[in-house]
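Worksheet for the structure shown next.
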Amino acid sequence: LIADEPTTALDVTVQAQILRLLRDRAQARGMAMLLITHDLGVIAQMAQQVVVMYAGRVVESGPTAEILRQPHPYTQGLIASRPVPGERRRRLYSIPGQVPDLAALPAGCAFADRCQRASAVCRQSIPALLGTTRQAACFHTTSAEPVA
């Protein structure tokens, strides 16, 4: 079952009903489920494994709990931009800068111009996706273990 942004613009109650319906249908039919979403709340609730992409490239993948515990800089930005239930209105975080032109990606990491950790190597080379259980494509991520 592939669901692309199945809960976008839905209130929390309807969102929960849709997610329950998707989960029940997938389980009843013995199907795997692929959710495509920007909603990290849905990811935390529904996904066992996560693949995070930026500008058409995988920047990290692995078990959901590990990704949310030690995220790639782009994923950190996504997490920071989520509204916090029960918190009074605050200005939501916005990842600085602009998404690169996909037809003319930079020579290095596509997220470098928006990343607080970026260095010269980030702008020169595309980081490899390294790790076994959890993989990350970042020159400055220490949580992904190198492949032996």
* Only one of these is of a type in the set (Ser, Thr, Tyr) and in contact with a helix residue (DSSP H, G or I) (Cβ under 6 Å, 6 or more places away or on another chain): Tyr74, Tyr54. Name it. => Tyr54
* Considering (1) surrounded by 14 or more Cβ atoms within 10 Å (Cβ to Cβ); (2) closer than 25 Å to Ala9 by Cβ; (3) over 12 Å from the mean Cα position of the chain (by Cα), say which one Gln76 fails and leave the rest. => (3)
* Asked: Which residue pairs have Cβ atoms under 7 Å apart, sit 6 or more places apart or on different chains, and have a first residue in segment 77-102 that is hydroxyl-bearing (Ser, Thr, Tyr) and a second that is in a helix (DSSP H, G or I) and open to solvent by less than 100 Å² (accessible area, probe 1.4 Å)?
  -> Tyr93/Ala80
* Search segment 92-124 for residues being basic (Lys, Arg) and over 16 Å from the mean Cα position of the chain (by Cα), and hand back the single one that is surrounded by the most Cβ atoms within 10 Å (Cβ to Cβ). => Arg117
* Within segment 79-88, can one find any residue that is modelled with pLDDT under 95 and touching a Ser or Thr at 6+ places or on another chain (Cβ under 8 Å)? -> yes
* Structure fact -> Subset of segment 66-80, residues assigned to a loop (DSSP other than H, G, I, E, B) and touching an Asp or Glu at 6+ places or on another chain (Cβ under 8 Å), comes to Pro71, His72
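The values are calculated or read from the model by the stated rules, or taken from the named source; none is laboratory data. As the structure is a prediction and not an experimental result, all values here were calculated from the model. Cβ atoms come from the backbone with ideal geometry, glycine included; neighbour counts cover every protein chain shown. In case anyone asks, the SASA skips ligands and DNA or RNA and just uses the protein heavy atoms, side chains included. Shrake-Rupley method; radii C 1.70, N 1.55, O 1.52, S 1.80 Å.
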